[in-house]
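In what follows, a structure is listed as structure tokens, so that the remarks can point back to it.
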Amino acid sequence: MTAGEETPVVRYARQGPVATVTMNRPDHRNAQNSAMTYALDRAFYRAADDDEVKVVVLAGEGRHFSAGHDIGSPGRDAHLPFDRKAGLWWDHSDKAGAESRYARESEVYLGMCRRWRELPKPVIAAVQGACVAGGLMLAWICDLIVAADDAFFADPVVRMGIPGVEYFAHPWVMPPRIAKEFLYTGDRMPARRAYELGMVNRVVPRAELAERTRELAERIAEMPRMGLALTKRAVNQAEDLQGLHPGLDSVFGLHHLAHAHNAETARDSLGGMDLAKMKEAGS
Ligand code: ZN
């Protein structure tokens, strides 16, 4: 939970072989603060540890899957210390400049996303409404994506002078030329277009999103656990052999060059952009 919020920021429920992990900050379009990141981590760990769970569904409560990282809600907690689970970077909260940003984002963004991608059970994202910037990272670490017909995807952070979100999977989840257009324009990609590109597996009516995702999860759950775990590993390894793992590392450096440039030349490491300014600029 976050100060001022009485309901859990992530809900966990198991029904048969399917665990559903639901981001639960609908009033803030499921913007991810560190409280949510660590609640997600606990939920994924629980699903991994429970032998009854064969498949995990990641969902967002409310109208939107996730509008991205929390850059403006009252529960924003980027300045606070956090547990460190994904790596051994030290506490960022009492450090300055690039050291603080690099330590924090290595853990809560890149590190956590990599950790969750390795969960040895299939994870299916059920996406509706906005899946923007930091929201993309959460959808992309899932093995499959089922999108509602009202879902859209966007990464508008180039407006901050930054080459995409911290988990730079763009040219692996869509063709490179489309990735450039997606980033250069910051435009919303509708679910149908994402389906044409192979970025999502299914597009379903909004009212049927939960049910259709569950049907798919239950079908997959009939497979043996070890077969699923090894298959996931096999495809993830293939992606890494196609450069995903070192690609993420190299672009993470560019991402932090951009944050540092902003901090030197603008008001802050986000280029003076907050939620209100990003909205004004059309995202
Ligand atoms: Zn960043």
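If you plug each phi of the range 25-32 into the Karplus form 6.51 cos²θ - 1.76 cosθ + 1.60 with θ = phi - 60°, what whole-Hz ³J(HN,Hα) values come out, in order, with x for Gly and Pro?
Values, residue by residue: 10, x, 5, 10, 6, 6, 4, 8 Hz.
Counting other Cβ atoms within 10 Å, which trypsin sites (Lys or Arg not before Pro) in the range 17-76 have at most 11 and lie in a DSSP loop?
Hits after loop and neighbour filter: nothing returned.
Give the shape of the range 1-63 as rounded, prolate or oblate, defined through the alpha-carbon gyration tensor: a ≥ b ≥ c are the square roots of its eigenvalues, a/c under 1.5 means rounded, and otherwise the shape is prolate if a/b is larger than b/c and oblate if not. Working shown, then result.
Values: a/c = 2.58, a/b = 1.82, b/c = 1.42.
Prolate, since a/c reaches 1.5 and a/b exceeds b/c.
Rounded if a/c is under 1.5, else prolate if a/b beats b/c, else oblate: with a ≥ b ≥ c from the C-alpha gyration tensor eigenvalues square-rooted, which is the range 1-111?
oblate
What angle do you read, to the nearest 10 degrees and between 0 and 90, between the alpha-carbon axis of helix 34-49 and the longest principal axis of the chain?
30
Whole angstrom only: what separates the Cα centroid of the range 18-76 from the Cα centroid of the range 121-185?
Rounded to whole Å, the Cα centres lie 16 Å apart.
Per residue of the range 196-203, in order, report the coupling 6.51 cos²θ - 1.76 cosθ + 1.60 (Karplus, θ = phi - 60°) as ³J(HN,Hα) in whole Hz, putting x for Gly and Pro.
Per-residue couplings from phi come out as 4, 7, x, 7, 10, 8, 9, 10 Hz.
Which residues' amide hydrogens lie under 5 Å from the amide hydrogen of Ala133, considering only partners 5 or more residues apart or on another chain, with H built in the peptide plane?
HN-HN under 5 Å from Ala133: Ala154, Asp155.
Considering the Cα trace of the chain, what is its radius of gyration and what is Dmax, both in angstroms?
Radius of gyration, then largest Cα-Cα span, for the chain: 17.9, 55 Å.
Compute the helix-to-body angle for 209-220: its Cα long axis versus the longest principal axis of the chain, expressed 0 to 90° and rounded to tens.
Tilt relative to the chain: about 60 degrees.
Can you return the lysines within cross-link range of Lys95? Criterion is Cα-Cα under 29 Å, with same-chain partners fewer than 8 residues away left out.
Once the sequence-local lysines are set aside, what remains near Lys95 is Lys85, Lys277.
Within a Cβ distance under 10 Å of Asp143, other residues only, what is the Lys/Arg minus Asp/Glu net charge?
That sum, taken over residues with Cβ under 10 Å, equals +3.
How about the range 95-185: which GluC sites (Glu not before Pro) there are in a DSSP loop, with at most 13 other Cβ atoms within 10 Å of their Cβ? Display every interim value, and only then the final one.
Values: sites: Glu99, Glu105, Glu107, Glu118, Glu166, Glu181; in loops: Glu118, Glu166.
Here the sparse-neighbourhood loop sites are Glu118.
What does the charge count near Phe168 come to, summing +1 for each Lys or Arg and -1 for each Asp or Glu among other residues with Cβ under 15 Å from its Cβ? If you can, show how the numbers build up before the last one.
Values: positive: Arg114, Arg117, Lys180; negative: Glu105, Asp155, Glu166, Glu239, Asp240, Asp249.
Charge balance near Phe168 sits at -3.
What list of ³J(HN,Hα) values in whole Hz, one per residue of the range 259-276 in order, does the Karplus curve 6.51 cos²θ - 1.76 cosθ + 1.60 (θ = phi - 60°) give from phi, with Gly and Pro shown as x?
4, 5, 4, 4, 5, 7, 10, 10, 6, 7, 6, 9, x, x, 9, 10, 4, 5
Scan around Val200 for amide H atoms under 5 Å from its own, H built in the peptide plane at 1.01 Å from N, and keep only partners 5 or more places away or cross-chain.
The answer is Tyr195.
Every number in this text was worked out from the coordinates using simple rules, so none of it is lab data. The structure presented is a predicted model; accordingly, all values stated were derived computationally and were not measured. Counting neighbours? That spans all protein chains shown, and the Cβs are built from the backbone with ideal geometry, glycine included.
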